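Notes to accompany the following structure.
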Amino acid sequence: MTVVDWLLDGDPAIRWQVMRDLLDAPADAVAAERARVATEGWGARLLALRDPDGQWAGGACFPASGWDGEGGQPWTATLPTLVMLRDLGLDPGSPAARETGALVRENCRWEHAGQRFFDGEVEACINGRTVAVGAWLGEDVDGIVQRLLDEQLDDGGWNCWTEYGPTRSSFDSTVNVLEGLLAHERATGADTAAARYRGEGYLLERSLFRRRSTGEVVSPGYLSFSFPPYWHHDVLRALDHLRDAGGPPDPRLTEALELVRGKQQPDGTWLFEDPHPGAVHLPLEDGDGRPSRWNTLRALRVLRWAGN
């Protein structure tokens, strides 16, 4: 069995992206496979866990039952679940997606201060993901986008603690905002590319994982590939965003691409590394240190984009 065969033996969420990104399958075949996300596998299981009011676990960013700060942040509330459904590729035109968007708009409020879900809250890493979800579901998130544009820092990136006065950006905050801006541009035609390019430049100037001042690795976690990433930055996530944004790979990505190549196993796969702790609805991989379909898919399409 080839690596691609192994990927195609996985969930519909994996299969349709392999067909699109690695096999250049006809668009109608890709769409047909993508439609299965709503009715089979991971996508169907997540949709079945939705509350009648359109939320998951009764909360926006955190479950209604709360979190005591122990054991890692729970990933079962509405925002992380919607981000996962978007990553799985749930068709935004499907009845399930349309109904979910309407219910979340009506019923979901942020824990921060009771803001309506698609009005966003104050943290850039939350607002960036909300913009991506809103763009995917066809919701109006223009107000969040303007807030993010106003909060862009002089170094080009973003920081979740902007309201407290930091002047230096965060890799984690920045990658979340970049993904949201790109999704919003594509959904609405909004002219935010200049701000996005500045944010991408912030990451590129640091080779996606180094301090600009010293060249040191900012965090060992940036070199580990986990899926879903939730709010966390890592090299593969950033590379996959830049691939998705289009254009040729920047020369400053050489070291990051070598990191990805170096993690490929003898059997052609990439491993699941250091999953982010916290309660989940369902596992998407076989466990830490085991071959990962998500990482293998993302690494292969990044390297294909890079010409390998």
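The values are calculated or read from the model by the stated rules, or taken from the named source; none is laboratory data. Just so it is clear, the structure is predicted and the values come from calculations on it, not from any experiment. Virtual Cβ from ideal backbone geometry, glycine too; neighbours counted across all protein chains shown. Side chains are part of the model used for accessible areas, which takes the heavy atoms of the whole protein and leaves out ligands, DNA and RNA. Shrake-Rupley method; radii C 1.70, N 1.55, O 1.52, S 1.80 Å.
Any residue at all in the stretch 208-224 that's in contact with a Gly (Cβ under 9 Å, 6 or more places away or on another chain) and surrounded by 13 or more Cβ atoms within 10 Å (Cβ to Cβ)? Outline the logic, then answer.
As a first pass, look at the stretch 208-224 and keep what is in contact with a Gly (Cβ under 9 Å, 6 or more places away or on another chain): none.
The answer is no; no qualifying residue exists.
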| query | Do any residues in the stretch 28-48 that are over 24 Å from Ala77 (Cβ atoms) have Cβ atoms under 7 Å from those of residues that are of a type in the set (Asp, Glu), where the two are at least six apart or on different chains, and which pairs are they? | reply | Arg34/Asp91; Ala35/Asp91
| Within the set of pairs 6 or more residues apart or between chains, which connect a residue that is under 23 Å from Gly165 (Cβ atoms) and in contact (Cβ under 8 Å) with a residue 24 or more places away in the chain inside the stretch 108-126 to a residue that is open to solvent by 40 Å² or more (accessible area, probe 1.4 Å) and among the aromatic types (Phe, Trp, Tyr) with Cβ atoms less than 7 Å apart? | Glu111/Phe62; Cys125/Trp231
| Do any residues in the stretch 275-304 that are within 13 Å of Pro80 (Cβ to Cβ) have Cβ atoms under 9 Å from those of residues that are surrounded by 18 or more Cβ atoms within 10 Å (Cβ to Cβ) and among the basic types (Lys, Arg), where the two are at least six apart or on different chains, and which pairs are they? | Leu284/Arg293
| field | the stretch 69-79, residues that are within 17 Å of Glu111 (Cα to Cα), touching a residue at least 40 places away in the same chain (Cβ under 8 Å) and out of contact with any strand residue (DSSP E or B) (no Cβ under 8 Å at 6 or more places or on another chain) | value | Gln73, Pro74, Trp75, Leu79
| Selection status of Arg45, surrounded by fewer than 21 Cβ atoms within 10 Å (Cβ to Cβ), touching a Lys or Arg at 6+ places or on another chain (Cβ under 8 Å), more than 23 Å from Ala187 (Cα to Cα) and of a type in the set (D, E, K, R) | no
| note | In the stretch 226-258, anything closer than 21 Å to Met84 by Cβ, open to solvent by 10 Å² or more (accessible area, probe 1.4 Å) and acidic (Asp, Glu) is listed as Asp240, Asp244
| Hey, Arg252 hits all of (1) charged (D, E, K, R); (2) assigned to a loop (DSSP other than H, G, I, E, B); (3) on the phi < 0 side of the Ramachandran plot but one; which does it fall short on? | (2)
| task | Mind telling me which of the residues Arg129, Arg147 ends up being charged (D, E, K, R) and open to solvent by 50 Å² or more (accessible area, probe 1.4 Å)? | result | Arg147
| Pairs where the first residue, in the stretch 88-106, is under 11 Å from Glu139 (Cα atoms) and the second is of a type in the set (Asp, Glu), C-beta under 7 Å, 6+ apart | Gly101/Glu139; Arg105/Glu139
| message | If Gln264 satisfies all but one of (1) out of contact with any Gly (no Cβ under 9 Å at 6 or more places or on another chain); (2) open to solvent by 30 Å² or more (accessible area, probe 1.4 Å); (3) more than 30 Å from Thr2 (Cα to Cα); (4) in a loop (DSSP other than H, G, I, E, B), what's the number of the condition it fails? | response | (3)
| What tally of residues in the stretch 48-71 results from selecting those that are open to solvent by 20 Å² or more (accessible area, probe 1.4 Å) and either over 22 Å from Arg34 (Cβ atoms) or not aliphatic (A, V, I, L, M) (or both)? | 15
